[in-house]
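Taking it in order: structure first as structure tokens, then the write-up.
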Amino acid sequence: MTDLTHIRNFSIVAHIDHGKSTLADRLIQLTGTVAERDMKEQLLDSMDIERERGITIKANSVRIEYPAKDGQTYILNLIDTPGHVDFAYEVSRSMRAVEGSLLVVDASQGVEAQTLANVYQAIDADHEIVPVLNKVDLPAADCDRVAEQIEDVIGIDATDAVQISAKTGLGIPDVLEAIVQRLPAPQGDRDAPLKAMLVDSWYDPYLGVVVMIRVMEGVIKKGDRIRMMQTAATYPIDRLAVLRPEMQNIAELGPGEIGVLTASIKQVRDTRVGDTITHEKRQTETALPGFKPAQPVVFCGLFPVDNGEFEDLRDAIEKLALNDASFSFEMETSAALGFGFRCGFLGLLHLEVIRDRIEREYQIELITTAPSVIYHVHMRDGTMEELHNPADMPDLTLVDHIEEPRIKATILVPDDYLGDVLKLCQDRRGIQEDLTYAGTRAMVVYDLPLNEVVFDFYDRLKSVTKGYASFDYQMTGYRQDFLVKMQVLVNEEPVDALSIMVHRDRAEMRGRAMCEKLKDLIPRHMFKIPIQAAIGGRVIARETLSAMRKDVTAKCYGGDATRKKKLLEKQKAGKKKMRQFGKVDIPQEAFISALKMDG
Amino acid sequence: MADQGFGLYLHWPFCQAKCPYCDFNSHVVAQIDQTAWAEAYGQQIEYFGELTKGRILNSVYFGGGTPSLMDVAVVDAVLDKIRATWSLANDIEVTLEANPTSVEADRFRDYRMAGVNRVSMGIQALRDADLRALGRLHSVSEALAAFDIARRIFDRVSFDLIYARQDQSLAAWEAELTEALALSADHLSLYQLTIEDGTAFADRFNAGKLRGLPAEDLSADMYELTQNLCEASGLPSYEVSNHAAHGAQSQHNLIYWRGGDWVGIGPGAHGRLTMADGRHGTQTDLSPQIWLEHCRQDPARPTYWEPILPAGHLTERLMMGLRLNEGVVLDNNFRRQINSCKVKYLLELGLLCEKNDRLITTRKGRLVLNSVLSELLAD
Ligand SMILES: Nc1nc2c(ncn2[C@@H]2O[C@H](COP(=O)(O)OP(=O)(O)O)[C@@H](O)[C@H]2O)c(=O)[nH]1
Ligand SMILES: C[S@@+](CC[C@H](N)C(=O)[O-])C[C@H]1O[C@@H](n2cnc3c(N)ncnc32)[C@H](O)[C@@H]1O
Ligand code: SF4
Ligand SMILES: [Mg+2]
């Protein structure tokens with residue numbers, strides 16, 4: 001157990017790619033936490049997908065021992081948090097477990113939207129904040145300008161910002177000193193009854209559920225019987241450890257310390273992030289305030305391309321859900337797609353990560369249907385129904401009005417692209433709330449309907465600004481609007497997986513765009529195919545996919561018979577990847593691509 | 001199958017240069033031991049003769065490769081051996097494929113003396129720039145001169161053109177085809193350029209460097225135009241890519257499309273033979289050297305046999321027969337096997353029709369034959 005004054009707990013907040021993972025690697029390396037030969041890049045990003053995409057999905061932590069210039073050795077606990085907006089809520093929770101933050105800003109780029117979103121969370125959590133200007137090795141680095149920007153836009157003092165290059169290692173010792181000198185030590189009475197925060201939990205194939213904790217008061221020891229105050233469950237502790245970043249057993253953890261425990265907990269779902277852990281016998285009187293569990297906001301259907309793989313899909317989804325309490329699922333049947341699951345996610349990235357993992361780790365090819373948000377459908381009889389799937393839209397005569405979720409979006413963009421960004425936001429039914437400048441960048445704040453953002457807003461934003469804009473959002477609540485369900489009919493038959501909720505004023509435009517897209521996505525058939533968008537029974541857009549005109553092999557002589565026969569067999573196999581709707585084969589990628597908007 | 005004719009295909013696997021679009025079994029070599037090839041062919045003819053005793057031969061086809069590179073002595077020896085092995089039909093067709101670069105009047109007269117009575121020439125294009133783009137060794141004027149020689153010597157001369165080439169417009173093809181028809185051959189094979197796997201064109205195409213190929217609609221328009229022009233000039237189509245004056249159809253190729261029997265000799269040659277124990281497909285070693293070597297070791301060695309089961313036979317009959325304007329005969333056996341729901345559906349779509357107990361593709365249907373087949377043959 002370490003004396004409180006010799007502990008510093010912190011997190012790193014940064015916009016994506018500003019160097020958070022690289023800095024963490026350097027801190028770990030410089031303090032010899034990991035032997036040089038075990039050093040690999042992005043140590044804290046553990047899953048393949050995290051490494052590949054350069055994102056952190058779950059919180060992670062590492063305990064670093066640092067002999068400071070004052071001759072004392074300090075324990076530094078770094079909690080690494082996800083940087084992506086989908087996981088913003090988890091970030092805010094992890095921040096409650098530490099006292100300070102390093103605010104890393106790329107000195108060649110400046111403040112970005114995620115810098116803002118994350119730093120405000122740190123401020124909300126009452127953190128002491130140390131600004132760090134990274135990438136000073138780059139010729140484009142401009143520390144003065146960026147320091148000024150931090151002061152102007154964020155409103156914190158940046159005169160003592162630490163200038164570093166996480167890549168070359170320059171300035172890393174200064175960062176360590178700043179952590180010790182400028183961040184506050186934690187506080188807490190070691191003789192009080194145990195009070196620890198459940199920071200996060202995950203499933204480890206060898207150890208079962210692992211729980212990350214931060215001790216606030218009292219002492220926790222291996223073998224103690226603990227109680228989770230919200231769930232009222234009690235467990236004996238099997239193992240107590242710290243992460244360096246691999247697990248290293250420890251006998252006890254006192255106030256201010258961060259570590260992990262295992263306690264034969266069956267499922268991640270049995271734990272509540274933010275829960276208070278205390279001793280079964282000697283309980284703390286006041287629980288921590290706790291957190292609302294993260295709620296899925298985006299829903300879509302996942303169907304196996306091959307109907308025979310439904311059970312495999314169920315198995316994969318159940319396994320993934322074990323480790324991810326924010327991911328929800330229930331069985332869904334679709335007239336066209338057969339059996340599958342309606343799944344809920346924290347955002348689109350979360351959706352993609354889960355979908356990728358199912359396809360990659362479980363080798364199940366999926367058809368993903370149109371993502372939808374949760375609508376509040378207020379019925380004439382005064383009741384309210386949550387609508388997760390446009391296919392379930394109740395009879396219109398029973399509906400009084402519909403509300404949709406809104407977000408507050410913050411976008412930072414160079415002046416040159418401001419016009420394009422404003423147009424994009426207006427087109428997506430946005431209401432401008434704020435527009436300010438910081439140097440040559442504009443900061444725009446928009447109130448937007450989530451359903452206009454969920455699908456491809458970020459892609460569009462990146463493309464209209466050539467990647468120079470940054471974006472972040474938070475949910476703000478529900479508002480009534482004129483929303484309708486739009487159906488798509490292919491060859492006169494409705495395809496339920498293509499139904500979407502859309503604002504009435506945007507329906508014609510969306511309908512036309514979808515019909516045009518589908519016309520390109522569906523291959524020509526031997527007959528012509530009408531593709532229509534309709535509201536209720538009324539057709540609002542229509543395209544016709546003309547019949548195939550030419551599909552014949554030019555040369556077929558004696559020697560070609562055998563080869564051609566094989567080709568026909570191959571075609572047959574290719575057809576299995578399509579779904580038949582009536583007589584029409586729709587390729588699997590059409591379901592998502594049809595929804596993408598070019599403008 | 002005897003009533004559909006009986007033919008012999010003989011593959012000559014050598015060319016002067018490899019064309020970038022070509023996926024035929026053709027090779028460029030420094031030297032060819034023509035005597036060795038003549039011997040091997042002769043021995044193979046004996047081998048197959050034993051197995052098809054008593055049958056009457058309707059056609060012989062020297063295909064390639066470039067068979068016009070064969071010494072006259074080889075062609076002569078092969079045809080002698082054939083005459084010694086089978087009885088020949090009175091109207092036997094003996095075709096030799098020729099490249100314009102290897103047409104010489106004297107040699108062609110000798111081929112005729114040896115028994116060749118029909119020549120099929122690979123002219124490919126009547127535009128010099130396009131011939132170069134196709135990697136051909138001849139020019140338009142050389143092709144025309146060669147055609148002239150051939151026609152003076154042979155009663156029956158056909159030639160091949162490749163169209164739907166890079167950057168070819170409908171109007172440009174119309175002009176070119178009109179010139180081709182003015183040459184008044186009695187038979188034309190008009191192929192749309194196909195990008196075949198494993199060719200130099202395929203590599204370029206996959207790298208995005210082979211541009212200007214027609215999209216589906218233009219290629220359909222070109223095809224329609226071809227049908228109309230040829231028909232108006234007295235060379236109506238009788239198969240997807242083949243056109244002939246009345247009575248001038250290639251008897252040899254009709255054997256393939258009508259489901260007849262033929263012997264396939266030479267590297268990579270295929271055959272179909274109906275024996276006491278049913279129909280069989282034959283295939284041979286692809287490599288010229290291996291084929292030759294295997295022939296030397298044992299006449300049976302270069303050929304691989306595989307029975308063709310009723311389902312496979314149905315597939316082949318539809319695949320080949322529906323290419324012909326005359327369609328396939330719907331005998332009772334066939335009616336039992338074929339999926340009548342699918343047939344009905346395709347009849348309704350106007351892609352197939354039934355006439356005099358034959359199943360026939362309509363003009364529209366023939367143009368989308370691959371899709372018609374995959375519908376007909378789907379489970
Ligand atoms: N030139 C330079 N590149 C850096 C520096 N720090 C990080 N990078 C690079 O910036 C990219 C993003 O870094 P990463 O640590 O993954 O950022 P994160 O998304 O914030 O975790 C990587 O390619 C790093 O190699 C630095 O100090 N100088
Ligand atoms: C066996 S080949 C070769 C005949 C002869 N060696 C020649 O090239 O002149 C028969 C015909 O098929 C056609 N052909 C070959 N490859 C083709 C392709 N990739 N696309 C279209 N037609 C092709 C050519 O018209 C060629 O004349
Ligand atoms: S000459 Fe004929 S067979 Fe030889 S490579 Fe060219 S197209 Fe192929
Ligand atoms: Mg990272």
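Quick rundown of the values:
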{"item": "Sequence-separation-based contact order of segment A:359-441, relative, with Cα cut under 8 Å and 6+ spacing, percent", "result": "22 percent"}
{"item": "Reachable lysines, given that their alpha-carbon falls under 20 Å from the alpha-carbon of A:K517 and they are not under 8 places away in the same chain", "result": "A:K485, A:K528, A:K577, A:K583, A:K596"}
{"item": "Model label zone, B:H27; criterion: amide N under 13 Å from point 7 Å along Cα-to-beta-carbon; scope segment B:277-300", "result": "B:285-295"}
{"item": "Förster radius 56 Å - calculated FRET efficiency between B:A215 and B:D3, Cβ distance, rounded to 0.05", "result": "0.85"}
{"item": "At least 20 Å² accessible surface lost relative to isolated chain, residues of segment A:500-536 (1.4 Å probe)", "result": "A:R524, A:M526, A:F527"}
{"item": "Paramagnetic reach from A:K319 (point 7 Å along Cα→Cβ, amide N under 18 Å) across segment A:331-352", "result": "A:341"}
{"item": "Straight-distance crosslink candidates among lysines, where the alpha carbon sits under 30 Å from A:K281 and sequence neighbours closer than 8 are dropped", "result": "A:K195, A:K221, A:K222, A:K266, A:K292"}
{"item": "Segment A:312-457 - percent of accessible surface contributed by carbon and sulfur, probe 1.4 Å", "result": "48 percent"}
{"item": "Alpha carbon centroid spacing (whole Å) that separates segment A:531-545 from segment A:188-213", "result": "55 Å"}
{"item": "Chains A and B, summed buried accessible surface - 1.4 Å probe, Å², nearest 100", "result": "3400 Å²"}
{"item": "Overall form of segment A:401-534 per C-alpha gyration tensor (a/c, 1.5; a/b vs b/c)", "result": "oblate"}
{"item": "Most mobile of B:H313, B:H270, B:H11 in a GNM of chain B (Cα contacts under 10 Å)", "result": "B:H313"}
{"item": "Rounded, prolate or oblate (a/c below 1.5 giving rounded, otherwise prolate when a/b exceeds b/c) for segment B:208-281 by Cα gyration tensor", "result": "oblate"}
{"item": "Peptide B:252-261, shielding by other chains (average Cβ, 10 Å cutoff)", "result": "2"}
{"item": "Accessible solvent surface per residue of segment A:254-319, calculated while the other protein chains remain in place, 1.4 angstrom probe, Å²", "result": "45 Å²"}
{"item": "Surface accessible to a 1.4 Å probe, per residue, for the residues of segment A:442-599, Å²", "result": "43 Å²"}
{"item": "Other protein chain Cβ atoms within 10 Å, averaged over every residue that makes up B:368-379", "result": "6"}
{"item": "Prolate/oblate/rounded label for segment A:278-425 (Cα gyration tensor, a/c 1.5)", "result": "rounded"}
{"item": "GNM result for chain B, Cα springs below 10 Å: residue of B:S189, B:S169, B:S26 fluctuating most strongly", "result": "B:S169"}
{"item": "Helical contribution to [θ] at 222 nm, DSSP H n ≥ 4, -39,500 (n - 2.57), averaged over chain A, rounded to 500", "result": "-7000 deg cm²/dmol"}
{"item": "Within the accessible area of segment B:79-235 (1.4 Å probe), percent carbon and sulfur", "result": "47 percent"}
{"item": "Reach of A:K69 by Cα under 15 Å, taken over aspartates and glutamates that are not fewer than 8 positions away in the same chain", "result": "A:D174, A:E177"}
{"item": "Within 10 Å of each Cβ in B:264-272, the average number of Cβ atoms from other chains", "result": "2"}
{"item": "Segment B:269-379, accessible area per residue, ligands and nucleic acids excluded (1.4 Å, Å²)", "result": "46 Å²"}
{"item": "FRET efficiency for A:D427 and B:D197, using Cβ-Cβ distance with R0 set to 45 Å, rounded to 0.05", "result": "0.50"}
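The values are calculated or read from the model by the stated rules, or taken from the named source; none is laboratory data. All figures in this text were calculated on a predicted structure; none of them were measured in a lab. Backbone-built Cβ (ideal geometry, glycine too); neighbour counts: all protein chains shown. Calculation scope for accessible area: heavy atoms of the full protein, side chains included, ligands and nucleic acids excluded. Shrake-Rupley method; radii C 1.70, N 1.55, O 1.52, S 1.80 Å.
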